[in-house]
1. Just one of the numbered conditions (1) small (Gly, Ala, Ser); (2) part of a loop (DSSP other than H, G, I, E, B); (3) in contact with a helix residue (DSSP H, G or I) (Cβ under 7 Å, 6 or more places away or on another chain) is not true of residue 111; which one?
2. Being of a type in the set (Val, Ile, Thr), out of contact with any strand residue (DSSP E or B) (no Cβ under 9 Å at 6 or more places or on another chain) and either in contact (Cβ under 8 Å) with a residue 40 or more places away in the chain or not in a loop (DSSP other than H, G, I, E, B) (or both): is that true of residue 435 here?
3. Say whether the condition of being outside any loop (DSSP other than H, G, I, E, B), among the aliphatic types (A, V, I, L, M), out of contact with any Leu (no Cβ under 8 Å at 6 or more places or on another chain) and at pLDDT 85 or above is met by at least one residue in the range 28-42.
4. May I ask you to list pairs of residues, at least six apart or on different chains, whose Cβ atoms are under 9 Å apart, with the first in the range 165-192 being assigned by TED's automatic domain parsing to the domain that holds residue 263 and within 24 Å of residue 255 (Cα to Cα) and the second being of a type in the set (Ser, Thr, Tyr) and in a loop (DSSP other than H, G, I, E, B)?
5. Specify which of the listed residues (227, 176) is surrounded by fewer than 17 Cβ atoms within 10 Å (Cβ to Cβ), under 24 Å from residue 418 (Cα atoms) and not polar (S, T, N, Q).
6. Could you list, in sequence order, the residues of the range 200-230 that are in contact with a Lys or Arg (Cβ under 6 Å, 6 or more places away or on another chain) and of a type in the set (D, E, K, R)?
7. Does the range 99-115 contain at least one residue that is surrounded by fewer than 23 Cβ atoms within 10 Å (Cβ to Cβ) and closer than 21 Å to residue 267 by Cα?
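The values are calculated or read from the model by the stated rules, or taken from the named source; none is laboratory data. What you see is a predicted model, and the numbers here were worked out from it, not measured in a lab. Using ideal geometry, Cβ is built from the backbone for each residue, glycine included, and neighbour counts are taken over all protein chains shown.
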Amino acid sequence: MKELLKTEGDINLSKERTLWQQEQKLNQKTKKLLSEDEALFLHQSMSTPCLDVLSSCKDAKITNLEGKDYLDFHGNNVHQVGFSNPYVIEQIKKQLDELSFSTRRYTNEVAIDFAKRITSLLPKGLDRVLFAPGGTSAVSMALKLARVVTGRHKVISNWDSFHGASLDAISAGGEAVFRQHMGPMMPGVIRIPPPMNTGGFFEDEMKSADYLEYVIEKEGEIGAFIAETVRNTDVQIPSKKYWKRIREICTKHNVLLILDEIPIALGRTGKMFAFENFNIEPDILCLGKGLGGGVIPFAAMVCREEYNVAQDISLGHFTHEKSPVGCAAARAVIDYINENEVLQKVKEDAIFMKQALNDLKCKYPIISEVRGLGLLWGVELRCPETNQPKVIETEKIMYSCLTQGLSFKVSQGHVLQLSPALTIKREELKNAISILDRAFESIL
C-alpha cells in the first residue's frame, strides 16, 4: 500500500484501525453491516471502510448497535446544540406538517424569518443572504460572487486550509488529499503559507500577513482572500493583531475578505461567530454544518448590501435554496443558543478545558502544545527531544480512547482535535479528560 497522507482527518486504512476493530469482537450483525457498507459505498479517504455501526445519537453521545456509548468529540461539527436536540426536532416536525418544500420562484415565511434572524446577529451592512444545501455550496457561491463584485477572478487562500470537497472548493483549499489525482484545478488560485503559530513556514504570523500584501501587489487582479477565521482541524488560532492587519490589507487593496466559519460558528468558539473574537468584520461569511441542527444539511452565505449586483447571474439556484425545513432547523438552532445561554456555558467550559488539558500537558511531556477557544481544542503531540510529530502514538491514543468510549478526530497525523457538543455536561467533560489521561498512561 502506498504511503497514506496525513491530513485534516484520521486515516481509515491504517494498521492500527484494522487491529482495533479485530480486538473489539464486534457481534455478527455489526460485522455483516460493516461488510455490506464496504461493498456498497464507493471507497474514499477518511470515510469508507467505516469504524462501527451507529444505532442512535442524543445530546453529546453516539451509540452503536451493541449499545456502547461514545462521547462524540468529533461530530462532523454539526452538533453545536447536541444530537437529536428536542427543540430542533420539534420545530422540524412542525414545519414538515405545514410546508415541506418551497418550489423555486416562490418564497416562504420561515425562510424570510430566518434570513432576518441571522442578519440581525451580524454587524450592520452584512444584510444579504443566500441559502444552500451544504457548506461547500456556500463557498462556491462566495467565490462566484467575489468575481462578480470585483471583476477579478483571482483568489488567495492558505495552504492546508479546507473549504469543501467540490472541484472549485478544493481548488481554493489547500488540502493535498482532496486534490491528488484531480488534474487541473480552477485557475487563478494563489496559496500562501498560513499564520501557523507553531511549526509554520513563518516564525512570526505577521510575516504571513505581510506576504499576503506582497502577493496582492505583485500578482495583481486579486479579487478575494478566503480563509478560516480559526483553522478547525488542528485548531490554529491567529492573533487579533494578525486579523486586524489582514482586514486592513484587504480594505486597502479592494480585496474581499471571505471568512469560512462553516464548522466553527454558532458558539463553537464562545461567540456566535468566530470573527467576533478578533474584532474584525468579513465582507462575505460562509456558514453551515451546525446550522442544520445536526439533522438537515443546510448552509448560508451572508454578504454586504452593496454586493447585491448579480441579478442576471445564478450564483446558487439550488433545488433546496429556500428549504423551509432547513430554515426551520436553522432558526431553531439560533433560538436554542440564545434562549439557553449556550454562549456563556461555552465560555465557562473553556476555562475548565484549558486547565484540564494543560494539567495533562504537565503530566505527559509528549504533549507539546494545547490550544483552543470555547469548546474547540487541539492537543499536539511531539517528541520532547526532537520536536518531531508523534504519529504512531497519536493514533494509538485515539484507539485507546475509542475503546473507553471517547471519539475524536486526529488531524495532521499528530493533533487530537476535541470538539464536543456545546450542550455537553460538565461531568461528561470530566469523564472525557479522565479517558484521555488513562489513554496517555497506557500508551506512554
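1. (2)
2. no
3. Yes: one or more hits.
4. The qualifying pairs are 172/161; 173/161; 174/161; 175/7; 175/161; 175/233; 191/161.
5. 176 is the lone residue from the list that is surrounded by fewer than 17 Cβ atoms within 10 Å (Cβ to Cβ), under 24 Å from residue 418 (Cα atoms) and not polar (S, T, N, Q).
6. 221, the sole residue that qualifies.
7. Checked against the condition, which is being surrounded by fewer than 23 Cβ atoms within 10 Å (Cβ to Cβ) and closer than 21 Å to residue 267 by Cα, the range 99-115 yields at least one hit.
To keep it simple, each residue is scored yes or no on (1) more than 24 Å from residue 418 (Cβ to Cβ); (2) surrounded by fewer than 12 Cβ atoms within 10 Å (Cβ to Cβ); (3) of a type in the set (D, E, K, R).
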position	(1), (2), (3)
23	no, yes, yes
30	yes, no, no
33	yes, no, no
37	yes, no, yes
41	yes, no, no
46	no, no, no
56	no, no, no
60	no, no, no
71	no, no, no
